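Chemist: Attaching a single structure in structure tokens format; questions to follow.
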Amino acid sequence: MDAFTAGLLQRIEATESDLSRARDEGDDFLVEVEQAELDDLRRLAAEHGVEVGATSRV
């Protein structure tokens, strides 16, 4: 796995964790921010042929 792929997958995992935490805390604004970031990261992964499958769909 190259550095780009590893970094992207790590960012996706961290963002999913942050999104889950924001939901647990009831922070609606942060949920929106993290969801948008996650959507962007998943789009970037798809554009570069990076399979995200192992991460959970939040």
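Chemist: Across region 36-55, which residue is modelled with the lowest pLDDT among those that are open to solvent by less than 60 Å² (accessible area, probe 1.4 Å) and part of a loop (DSSP other than H, G, I, E, B)?
Modeler: My answer is 55.
Chemist: Something else: Can you pull out every residue in region 2-30 that is open to solvent by 60 Å² or more (accessible area, probe 1.4 Å) and within 15 Å of residue 53 (Cα to Cα)?
Modeler: Residues satisfying the conditions are 10, 11, 13.
Yes/no matrix, rows are residues, columns are (1) hydroxyl-bearing (Ser, Thr, Tyr); (2) without any contact (Cβ under 8 Å) to a residue 40 or more places away in the chain; (3) in contact with an Asp or Glu (Cβ under 8 Å, 6 or more places away or on another chain):
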position: 1; (1), (2), (3): no, yes, no
position: 13; (1), (2), (3): no, no, no
position: 20; (1), (2), (3): yes, yes, no
position: 23; (1), (2), (3): no, yes, no
position: 28; (1), (2), (3): no, yes, no
position: 33; (1), (2), (3): no, yes, no
position: 43; (1), (2), (3): no, yes, no
position: 46; (1), (2), (3): no, yes, no
position: 51; (1), (2), (3): no, yes, no
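Chemist: Does residue 33 satisfy the condition of being outside any helix (DSSP H, G or I) and either in contact with a Cys (Cβ under 9 Å, 6 or more places away or on another chain) or surrounded by 12 or more Cβ atoms within 10 Å (Cβ to Cβ) (or both)?
Modeler: No; evaluated as a whole, the condition is false for this residue.
The values are calculated or read from the model by the stated rules, or taken from the named source; none is laboratory data. Remember, it's a predicted structure, so these values are computed and weren't measured experimentally. When we count neighbours, we look across all protein chains shown, and the Cβ atoms used for this are built from the backbone with ideal geometry, even at glycine. Protein only, heavy atoms only, side chains kept; ligands, DNA and RNA dropped before computing areas. Shrake-Rupley method; radii C 1.70, N 1.55, O 1.52, S 1.80 Å.
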